[in-house]
1. Only residues that are over 26 Å from the mean Cα position of the chain (by Cα), in contact (Cβ under 8 Å) with a residue 24 or more places away in the chain and either surrounded by fewer than 21 Cβ atoms within 10 Å (Cβ to Cβ) or under 16 Å from GLU102 (Cα atoms) (or both): list them for the range 71-90, please.
2. Which number in (1) over 12 Å from THR235 (Cα atoms); (2) in contact with a strand residue (DSSP E or B) (Cβ under 8 Å, 6 or more places away or on another chain) marks the one condition that GLY461 misses?
3. Given the range 145-255, what helices (runs of 4 or more DSSP H) lie entirely inside it while holding 2 or more residues that are within 19 Å of ALA455 (Cα to Cα)?
4. Suppose the filter is assigned to a strand (DSSP E or B), more than 30 Å from GLU381 (Cα to Cα) and touching a residue at least 24 places away in the same chain (Cβ under 8 Å); does PHE411 pass it?
5. Does VAL51 meet the test of being touching a Phe, Trp or Tyr at 6+ places or on another chain (Cβ under 9 Å) and either in a loop (DSSP other than H, G, I, E, B) or farther than 27 Å from ARG198 by Cβ (or both)?
6. Select from the range 369-397 the residues that are modelled with pLDDT of 95 or more and either in contact with a helix residue (DSSP H, G or I) (Cβ under 6 Å, 6 or more places away or on another chain) or among the aliphatic types (A, V, I, L, M) (or both) and list them in ascending order.
7. Pick from the range 427-455 the residues that are touching a residue at least 24 places away in the same chain (Cβ under 8 Å) and not in a loop (DSSP other than H, G, I, E, B): which of them is nearest to ASP243 (Cα to Cα)?
8. Go through the range 368-385 and give me each residue that's over 17 Å from LYS327 (Cβ atoms) and assigned to a strand (DSSP E or B).
Amino acid sequence: MGKPTGFLEHTRETPAKVPVQERIRHHQEFVQRYSEEKLNQQSARCMNCGVPFCHSGCPLGNIIPDFNDAVYQKNWQEAYEILASTNNFPEFTGRICPAPCESACVLGINQPPVTIEEIEKHIIEIAFEKGFVVPKRPNVRTGKKIAVVGSGPAGMAAAAQLNYAGHSVTVFERDDAPGGLLRYGIPDFKLEKWVVDRRINLLEEEGVVFKCNANVGVNIKINDLLREYHAIVLTGGSTVPRDLPVPGRELQGVHFAMQFLKQQNRRNAGKHAFTGSENESNYYGSELSATGKNVIVIGGGDTGSDCVGTSNRHGALSVTQFELLPKPPNERTSYMPWPTYPMTLKVSSSHEEGAERRWAVATKSFVGDEKGNLVGLQTVELEWKINEEGRAAHFVEVPGSERVLPCEMAFLAMGFVHPQHEGLISQLGVELDERGNVKAGEKYFKTNINKVFSAGDMRRGQSLVVWAISEGRECARRVDEFLMGQSVLESKDESFAVRSI
């Protein structure tokens, strides 16, 4: 490495953030850039370990020590080429990935790990600024046509890879603009949409065609796709949210988290917050505002955190976030050995901006007034029993702990159960697994329907953006093999083998 003693000389530092009281006044990104000196110091901390576990910690298999060394040497084009060889969209993962690579960092055994995610973001942004990122147009077209259904990270990755292989790719998106979760799920303060547009424009320059307001199975006939395309890739995501069927669920003021987040992203884009009828794909329900209200977010994950940050920017009177599970520990325990991803306490930037967090709490009912409006939540505290593996196994309600909290707006952020079955999936007749996801083997990504493949959350269930990109890349290779008998696209397994030689 460039500086073998770097990890002894420098500690972990993350970039500065815009102060809370300033950033909650807008919906723009607020994490600032490293100075050139700080970026050099942080990349110098990569310690030339004998076995870089960060490779296996990253679902994409990013070649992390190599691009850290290039950053330290200020070889920006080399750093970009190393990063882009395994990751189609580092500008996304560098902003919104929970960085499992950092959890597997060898330095993280007894020191804070290398700031891999931030270094990744700096590489790609510097590469764009220096003009290294240019369209990759294939020299030869194969004459094969591929339809990708869904333009989220898995669909975009599959489309990019298949286009590189020389196939003609058309991406069908049921919303009014491409990007899927990246556009209408993740708040702008984490991922501004010019970042998404910049990549979409690049893919279009490379030859990928995006067709929006194209809801396959509704206004686009599936039989037309089966007839016109040599292969179809389903990457529609896991979109059916987990509900909370308790008394009062029907009250005005109880909403799924994605209704709230999608509306705000549309406002930020200068669009109507909601449109269409309940049976249409662009329907988001009534217009939602958290201004001046007591907000309770039910669910302790990233989506719940996004609701917290958005509610603070609306000017909510109070924001509380519930989690059914007990409060996780601050540090690894014996049940979370390195280099596994630890289930420790996570404090997001939205939590820093203000929220009461409560663990081991269950919602018994939603309380309404005579007009059918939400006015409170009846809750109960839970006592969890921990099994021999250190996991919360089952719970009992704590007697006498029931209480009613004031609440005029509640957001259900408890995850997603499976993709939407009505329309595309039911009409195609693809088999589903026991969880209701599209059944397609991890090795070949192929469904029971000839020439139909699936990848991303639609296949594996709700997961991370970095896993969606990885799935899209691997699926693209299998589609290429299906069409051509062999593939020119690199697989993650092969790249690991090459690096080990």
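1. Passing the criteria: GLN73, LYS74, TRP76, GLN77.
2. (1)
3. On the way: elements: 153-164, 181-184, 193-206, 222-228.
Once the helices (runs of 4 or more DSSP H) in the range 145-255 are filtered for at least 2 residues that are within 19 Å of ALA455 (Cα to Cα), what remains is 153-164, 181-184, 222-228.
4. Details: assigned to a strand (DSSP E or B): yes; more than 30 Å from GLU381 (Cα to Cα): no; touching a residue at least 24 places away in the same chain (Cβ under 8 Å): yes.
The answer is no for PHE411.
5. Details: touching a Phe, Trp or Tyr at 6+ places or on another chain (Cβ under 9 Å): no; either in a loop (DSSP other than H, G, I, E, B) or farther than 27 Å from ARG198 by Cβ (or both): yes.
When the stated conditions are applied, VAL51 does not pass them.
6. LEU374, VAL375, LEU377, VAL380, LEU382
7. Filtering first and then ranking leaves VAL438.
8. Of the range 368-385, the ones over 17 Å from LYS327 (Cβ atoms) are 368-378.
GLY368, ASN373, LEU374, VAL375, GLY376, LEU377, GLN378, listed by residue number.
The values are calculated or read from the model by the stated rules, or taken from the named source; none is laboratory data. Keep in mind it's a predicted model, so treat the numbers as computed, not measured. Neighbour counts run over all protein chains shown; Cβ positions are idealised from the backbone, glycine included.
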